[in-house]
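Engineer: Just dropping this structure here.
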Amino acid sequence: MHTFFKTIVGRAHTTWAKSALLTPLIGLLMLVVSAVPVRAQTFTFTAVLTSGQEPPPNTNNSPAFGVAFVTFNTDTGELCFSISYEETQLTSRETNAHFHAPAPPGMNADVIVQLPTPGAPKNGCVTPDLTEDQRGDLFQGLWYINIHTANNPGGEIRGQVLPQSAPVF
């Protein structure tokens, strides 16, 4: 009986010793896995800004044009933008610039995000407090960028912000 007891205790001690050696390794592995950052969902949008996109009555014959690259991170709500246009082609000095929504082409909407003014390029990131509807409007192409000038206070050049890919909800 004594030999049987020694065998059982010996096996238990060996199993416990292996577990004791593996516990720190398993803990370290769990820490490393939990420290790996989750990839954020960032989506890209583009816009071409022209005077022809200003809604009627469009008496604006500005030769100015621009391009915008926009990203939106669905996890953080961060909206980043890079907007360029030829300032010298505007009919007068820039007075304001915004993202507006919701509106399809040819319609006006409220300001959603104020852009830095005056001047091009406009580069930056903001984290506006957007509603779920406003986020949805962005992915449906219902946001636009408008550059306002002294001669064209309603907007001189405008571009619809169009998604390059859409999230799956």
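Bear in mind these aren't lab numbers, they're just calculated from the coordinates by the rules spelled out. Remember, predicted model here, so these are calculated numbers, not experimental data.
Engineer: Could you calculate the contour length gain from residue 88 to residue 41, that is, 0.36 nm times the residue separation minus the distance between their Cα atoms, to one decimal place in nm?
Structural biologist: Gain on stretching residue 88 to residue 41: 13.2 nm.
Engineer: Translational diffusion coefficient of segment 65-169 at 25 °C, 0.890 mPa s, Stokes-Einstein with Kirkwood Rh over Cα pairs, in µm²/s as a whole number.
Structural biologist: 175 µm²/s
Engineer: So, one more: Using modelled backbone amide H atoms (1.01 Å from N, in-plane), which distant-in-sequence or interchain residues come within less than 5 Å of residue 78's amide H?
Structural biologist: 73
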